[in-house]
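FYI, it's all coordinate maths here, none of it is from the lab. Because the structure is a prediction, the values reported are computed rather than measured. When we count neighbours, we look across all protein chains shown, and the Cβ atoms used for this are built from the backbone with ideal geometry, even at glycine.
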Amino acid sequence: MVDSIPVITVDGPGGVGKGTVSRIVAARLGWHLLDSGALYRLVGLSALKRGVALDDEPEVAALATHLDAQFTGNSGDNTVITLDNVDVSDEIRTESVGSAASRVAALPAVRQALLERQRRFCRPPGLVADGRDMGTVVFPDAQLKVFLQASREERASRRYKQLKDKGISVSLDALLREIEERDARDSNRQVAPMRPAEGAVIIDTTHMGIADVVENILRAWNGRPD
Ligand code: DC
């Protein structure tokens with residue numbers, strides 16, 4: 001990481017709006033975007049496709065090291081994500097891949113394998129990095145660290161609407177259970193557990209719209225001490 005390249009980290013649990021908010025902030029600043037959750041989702045999907053057990057640490061870490069993934073149309077709403085040259089942009093957003101991602105993300109060797117790859121996203125003029133450990137582990141020197149939170153019920157209801165809009169039918173109860181399980185796994189794991197970084201600006205988005213959250217972050221960026 002080059003210290004002179006500005007970085008804003010946006011961490012928080014699933015369904016909190018990180019992805020949308022980070023994309024808009026990156027577009028407004030004209031910066032690059034790192035969707036680190038997509039990398040963990042790609043590793044989870046790759047393991048599922050190859051029949052590799054999700055707790056087989058050496059095998060999953062090898063998949064992460066050799067992950068043949070491309071992100072094109074960076075920062076845009078229509079980023080195309082390919083795995084082994086196949087467009088998996090929609091497939092990686094399913095709950096089953098999300099759950100696989102959360103399981104492989106608990107393996108230290110997998111996190112290590114993805115570390116440098118994530119840091120390579122840091123290029124001029126700047127980076128907005130979205131994830132769980134962006135401010136604590138991957139970009140500890142980021143100039144602005146944000147942690148978003150929202151109630152589980154609100155997050156489940158947002159996911160429900162998102163999936164419904166995509167024509168995917170799920171039960172709200174099942175989503176809530178899934179979110180609870182994922183929160184517990186992401187927060188209690190030994191390596192890089194999800195938690196606000198020291199000095200992070202904490203924003204509770206339960207009763208906020210996307211535009212308000214974006215403005216809060218841009219205000220924090222513009223008003224940060226030198
Ligand atoms: O943000 P997301 O739902 O796309 O992330 C999918 C999973 O990946 C999430 O349950 C935890 C894991 N993850 C992680 O451990 N560290 C990150 N920086 C990003 C995601």
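Among residues of region 198-224 that are over 15 Å from Val7 (Cα atoms), those with a Cβ under 7 angstrom from a residue that is surrounded by 14 or more Cβ atoms within 10 Å (Cβ to Cβ) and small (Gly, Ala, Ser), sequence gap 6+ or separate chain, pair up as Asp204/Ala150; Thr205/Gly17; Thr205/Ala150; Thr206/Ala150; Ile210/Gly17; Val213/Gly17. Residues in region 30-58 that are without any contact (Cβ under 8 Å) to a residue 24 or more places away in the chain and within 30 Å of Gly199 (Cα to Cα): 0 in all. Somewhere in region 175-183, is a residue in contact with a helix residue (DSSP H, G or I) (Cβ under 7 Å, 6 or more places away or on another chain) and not in a helix (DSSP H, G or I)? No, region 175-183 has no match at all. Considered as a group, the residues in region 123-143 that are touching a helix residue (DSSP H, G or I) at 6+ places or on another chain (Cβ under 9 Å) and part of a loop (DSSP other than H, G, I, E, B) include one that is farthest from the ligand (Cβ to nearest atom), and that residue is Pro125.
Among the residues of region 11-67, the ones that are among the hydroxyl-bearing types (Ser, Thr, Tyr), closer than 17 Å to Leu114 by Cβ and more than 9 Å from the ligand (Cβ to nearest atom) come to 2 in all.
Considering only residues that are hydrophobic (A, V, I, L, M, F, W, C) and either in a loop (DSSP other than H, G, I, E, B) or near the ligand (Cβ under 10 Å from one of its atoms) (or both), which ones fall in region 81-114?
Looking only at region 81-114, we keep the residues that are hydrophobic (A, V, I, L, M, F, W, C), and these are 81, 83, 86, 88, 92, 97, 100-101, 104-107, 109-110, 113-114.
Correct list: Val88, Ile92, Val97, Ala100, Ala101, Val104, Ala105, Ala106, Leu107, Val110, Leu114.
Within region 30-46, the set of residues being in contact with an Asp or Glu (Cβ under 7 Å, 6 or more places away or on another chain), in a helix (DSSP H, G or I) and hydrophobic (A, V, I, L, M, F, W, C) comprises just one member, Leu45. Pairing each residue of region 4-29 that is in a helix (DSSP H, G or I) with any residue that is of a type in the set (S, T, N, Q), provided the two are 6+ apart or on different chains, yields C-beta distances under 6 Å for Ala26/Ser75; Ala27/Ser75.
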